[in-house]
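Right, one structure below, let's go through it.
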Amino acid sequence: MALMKAVRGTRDLLPPETELWNRVERTACDVFARYGFGEIRTPIFEDTQLFARGVGEETDIVSKEMYTWEDRARAQSEKSQSLTLRPENTAGVVRAYIEHKLAETGLLQKLYYIGPQFRRERPQKGRYRQFFQIGAEVIGPPSAGSESPLRDAEVLEMLATLLDALGIAGWTLELNSVGSATDRPRYVQALREALIPVAASLCDDCQRRAVTNPLRVLDCKVPEDQPVIETLPKIADFLDDASRAHFAAVRSALDACGVPYHVNPRLVRGLDYYTRTTFEFTHGGLGAQNALLGGGRYDGLSEMLGGPRAPGIGFAIGADRLVLTLQAMDSAARGDEALLDVYVAPIGEAQQNAALQLARELRRQGLRVELGDGSFRIKKAFEMADKRARSIILLGEDELQSGQLTVKTFASGEQTKIARDEIGDYLCRAMRVGEQN
RNA sequence: GCGGCUAUAGUUCAGCGGCAGAACGCCGGUCUGUGGCACCGGAUGUCGUGGGUUCGAACCCCACUAGCCGCCCCA
């Protein structure tokens with residue numbers, strides 16, 4: 001049988017990389033908790049219709065990037081059902097909001113999630129077929145303040161706080177408003193018309209986009225095209241009064257709390273449900289996948305899914321990209337953290353049980369302990385210990401008889417004998433001092 | 001889904017038609033209760049997979065698979 005491998009676009013995450021993942025997730029949970037968010041866990045697959053209606057039938061995600069299968073009927077009374085691995089989590093959260101009648105609480109719901117999502121795209125760096133998102137949604141009845149621009153600003157401020165807490169330096173917040181559900185189609189139509197007379201002067205890609213997806217012309221990076229693009233209609237001119245006021249209020253709130261942002265009139269998100277505020281936090285060094293996270297407001301999504309009016313705003317962080325960015329920045333910084341506190345080395349198999357017992361006591365004191373093997377020769381025990389831990393306890397025949405254990409700290413090379421009963425306290429102290437250096 | 005580049009030891013890579021290599025890592029020894037440093041020795045492997053050309057293929061050709069870069073799209 002051929003060697004089994006993780007399927008295309010999926011991968012294993014192993015130590016020590018998983019340590020970084022844990023740090024990212026822990027930091028996110030801590031920050032979210034300070035803003036009153038609670039965790040939600042929705043199923044990894046849903047009825048296909050949820051995504052078709054929520055994300056948009058015509059989007060690339062739904063039309064060609066979903067893992068969809070027919071879950072066949074197993075009994076006469078059962079109907080087969082089209083199921084899909086979730087390509088994003090907002091639709092699932094809103095479905096749960098409706099299903100559990102959370103609107104009836106009258107409260108603003110602040111929910112965050114962490115988990116895998118699935119899209120059948122061509123894999124690249126920072127783009128996988130199973131990828132991980134950390135996201136959050138603020139959603140509720142208008143009477144709870146869910147429509148307020150203050151919610152938008154608070155979410156953006158929280159994200160700035162999170163990226164800073166993780167030590168991501170040099171992020172940029174790109175901000176725009178795509179207007180109401182009726183503003184955007186009007187704009188797309190105007191854009192399409194404005195492109196007709198000028199398309200011929202644009203690059204090949206843009207000539208194609210002008211027809212298939214005029215909004216993407218705005219993303220064009222070809223320098224020669226920029227003067228023409230500048231002359232195209234701006235979405236800002238198509239916002240109704242309410243959307244215009246909302247956007248102004250978001251900006252003013254961000255100004256007031258000192259979160260820097262860049263208004264990018266070309267930032268137009270691809271999912272159908274977005275209204276008004278849209279945003280993206282970007283970072284260089286990710287190549288073509290420069291977006292660390294993206295999100296926006298979705299005032300009509302609940303109703304699109306058959307629920308009550310429940311405006312909301314949310315975001316999804318590409319955890320894979322966040323980790324890549326941290327790895328690129330951190331590469332030299334880590335190393336010692338992976339080391340355990342102490343390696344307990346029984347010398348001779350007769351000492352093994354005593355060693356396990358000692359390791360158990362030390363671990364109960366909170367020390368990180370690796371246990372050797374009595375069959376190892378002394379030299380080998382030291383070599384193993386030096387690779388895995390910051391110190392070694394030698395547990396040989398002499399030590400067992402005298403009750404005085406040999407302890408050596410690698411960083412200093414210092415070696416002493418310590419009474420067995422005091423060894424835990426001694427190590428706790430020694431490791432704390434070591435950490436400060 | 002489309003285009004380009006790539007695939008050789010555990011890892012990073014050299015070799016580009018004539019014996020499968022280096023560095024690091026790994027194992028052993030110098031050193032029988034002492035790691036790191038040094039020195040000595042050892043094992044690495046379907047050269048991504050399958051086919052073709054050739055006296056002879058890691059090397060040239062084709063297909064497939066996977067990774068990377070870009071397009072589409074998106075976190």
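At 20 °C and 1.002 mPa s, grab the translational diffusion coefficient of region A:1-146 from Stokes-Einstein with a Kirkwood Rh over Cα pairs, rounded to a whole number in µm² per second.
Details: Rh = 17.5 Å.
Taking Rh from Cα pairs, D becomes 122 µm²/s.
Dipole size of region A:339-436 about its Cα centre, with +1 on Lys/Arg Cβ and -1 on Asp/Glu Cβ: approximately 280 debye, rounded to the nearest 20. D for region A:339-436, whole µm²/s, Stokes-Einstein with Kirkwood Rh over alpha-carbon pairs at 4 °C and 1.567 mPa s: what number? The calculation lands on 100 µm²/s. Across all Cα atoms of region A:120-229, the radius of gyration (one decimal) and Dmax (whole number) stand at 18.9, 50 Å. From the mean inverse distance of alpha carbon pairs (Kirkwood) and the Cα radius of gyration, derive Rg over Rh for chain A. Computed over Cα atoms, the ratio is 1.10.
Loop-resident GluC sites (Glu not before Pro) (DSSP state other than H, G, I, E or B) in region A:333-411 with no more than 16 further Cβ atoms inside 10 Å of their Cβ are absent.
Rounded to the nearest 10 degrees, the inclination of helix A:17-34 to the longest alpha-carbon principal axis of chain A is 60 degrees. About its Cα centre, the dipole of chain A is roughly 700 debye, where the only charges are +1 on Lys and Arg Cβ and -1 on Asp and Glu Cβ.
Using a Förster distance of 30 Å, how high is the FRET efficiency between A:GLU349 and A:ALA411, based on the Cβ-Cβ distance and rounded to 0.05? Efficiency computed from Cβ-Cβ geometry: 0.50. Each of A:VAL222, A:SER146, A:THR172 was placed along the dipole of chain A (beta-carbon charges, centred on the mean Cα), and the one lying farthest toward the positive end is A:VAL222. For chain A, modelled as a GNM whose springs connect Cα atoms under 10 angstrom apart, the maximal fluctuation among A:ASP71, A:ASP30, A:ASP240 occurs at A:ASP71.
From Cα pairs below 8 angstrom and at least 6 apart in sequence, can you work out the relative contact order of chain A, rounded to a whole percent? Walk me through the intermediate numbers first.
On the way: 722 pairs, mean separation 61.4, N = 437.
Contact order relative to length: 14 percent.
In region A:339-436, a dipole from Cβ-located charges (positive for Lys and Arg, negative for Asp and Glu) runs towards its positive end, and of A:SER391, A:GLN415, A:GLY374 it is A:SER391 whose Cα lies farthest in that direction. Given a Förster distance of 30 angstrom, what is the FRET efficiency for A:CYS203 paired with A:GLU65, based on the Cβ-Cβ distance and rounded to 0.05? Taking R0 as 30 Å, the efficiency between A:CYS203 and A:GLU65 is 0.75. The HN-Hα couplings worked out from phi for region A:255-269 by the Karplus form 6.51 cos²θ - 1.76 cosθ + 1.60 (θ = phi - 60°) are 4, 5, 9, x, 8, x, 8, 10, 6, 10, x, 8, 7, 10, 7 Hz, whole numbers, x standing for Gly and Pro.
The Cβ shell under 14 Å around A:ALA210 holds other residues with a net charge of -1, Lys and Arg each +1, Asp and Glu each -1.
Largest GNM mean-square fluctuation among A:SER143, A:SER302, A:SER180, using chain A with Cα springs under 10 Å: A:SER143. Surface composition of chain A: carbon and sulfur make up 51 percent of the accessible area, probe 1.4 Å.
For chain A, a Gaussian network of Cα nodes joined below 10 Å ranks A:LEU111, A:LEU293, A:LEU395 by mean-square fluctuation, and the top entry is A:LEU395.
Hey, what's chain A come to in accessible area per residue, 1.4 Å probe, Å²? Spell out each step's value before the answer.
Details: 22130 Å² over 437 residues.
Accessible surface, normalised per residue, equals 51 Å².
The values are calculated or read from the model by the stated rules, or taken from the named source; none is laboratory data. Since the model is a prediction, treat every value here as computed from it, not as a measurement. Because the Cβ atoms are built from the backbone with ideal geometry, glycine has one as well, and the counts that use them run over all protein chains shown. In case anyone asks, the SASA skips ligands and DNA or RNA and just uses the protein heavy atoms, side chains included. Shrake-Rupley method; radii C 1.70, N 1.55, O 1.52, S 1.80 Å.
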